[in-house]
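Q: Before I ask anything, let me first share the structure, which is written out below as structure tokens.
The values are calculated or read from the model by the stated rules, or taken from the named source; none is laboratory data. Predicted model, so just to flag it, every value in this text is computed and none were measured. Here the Cβ positions follow ideal geometry from the backbone for every residue, glycine too, while neighbour counts run over all protein chains shown. Keep in mind that these areas ignore ligands, DNA and RNA; they rest on the heavy atoms of the full protein, side chains included. Shrake-Rupley method; radii C 1.70, N 1.55, O 1.52, S 1.80 Å.
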Amino acid sequence: MSDFRESQNKAHPNKTNTLMTGIILLLIFIISIQIWFLYSALNNALERNLDIAIATFLGSFVLALVSFWLIRYLPDPREGKIKRK
Amino acid sequence: MKEKNQEIFSETWKDDFPIQQQEAVHVSRREFAKFLGLLSGTLALGNAGIIIKSILFPSQKLKGEHFVCNQNEVPAGGMKQFELQLDKTIPYILIHLKDGQWRAFEQKCTHLSCAVRYVPEMDKIQCPCHNGYFDARSGVVLQGPPPRPLPRLDVILKDGKVFVAEMKNKT
């Protein structure tokens, strides 16, 4: 008997693909912002500007938490691989 | 049950060290996404490192007054290069402006650390590497790629001698 999950997967065969692409794009976006923060912090630290360094660290830390949280939602590997194990 | 567990373990081991080269070099999107997460954490740590460094190991400030040269050694419109020994040796330039005022700036351009020089004809400080120009009175950037003004020192004149000290009022 087919359950709801199976029906869903059959109705939307590309769902895993879309989710994976979406998560990777979001992660790349987050990392781009973090690189920008790191660059600003370095540039301002040279001028002894600690406030910017602290603000960018907080931003970068929150973004890192968001990216860890996003990783939890990565779709599971395909069933074939699980069976192999 | 134990045998089954062992079998699963050996299968996992084989997954990590596959025989086929194609399988060994293959990076799945799942692994790539996890790597991006790791990179994100590393960047946050890098930002924390900057704060820790600037709190625990701040750059040493100039204490007291340092003798540079006698006033008559630098004519109006002239420049003298000197070095100060802090936590590292930092090159500075002493400028005697045409109107008689004195200025001292760090010689390293804030762009890529090229040596800057005073051009009396233009009354500006020039970085010859990438054509950056700084104001000879305040050290602010007038033109070109430098992102910040030149770090400045106070110049003190005493009995015909020139001394430098840490800037008191940064404006």
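Q: Which residues, counting only those in the range B:37-53, are open to solvent by less than 20 Å² (accessible area, probe 1.4 Å) and of a type in the set (S, T, Y)?
A: Within the range B:37-53, B:S40 is the sole residue that qualifies.
Q: Here's another thing I want to ask about it. Could you run through the range B:105-152 and say how many residues are among the hydroxyl-bearing types (S, T, Y) and either open to solvent by 30 Å² or more (accessible area, probe 1.4 Å) or out of contact with any strand residue (DSSP E or B) (no Cβ under 9 Å at 6 or more places or on another chain) (or both)?
A: Total satisfying the criteria: 2.
Q: With of a type outside the set (S, T, Y) and under 25 Å from A:R48 (Cα atoms) as the only criterion, which of B:D99, B:D87 stands out?
A: That would be B:D87, the only listed residue that is of a type outside the set (S, T, Y) and under 25 Å from A:R48 (Cα atoms).
Q: If a residue has to be open to solvent by less than 50 Å² (accessible area, probe 1.4 Å) and charged (D, E, K, R) to count, how many in the range B:153-165 make the cut?
A: Total satisfying the criteria: 1.
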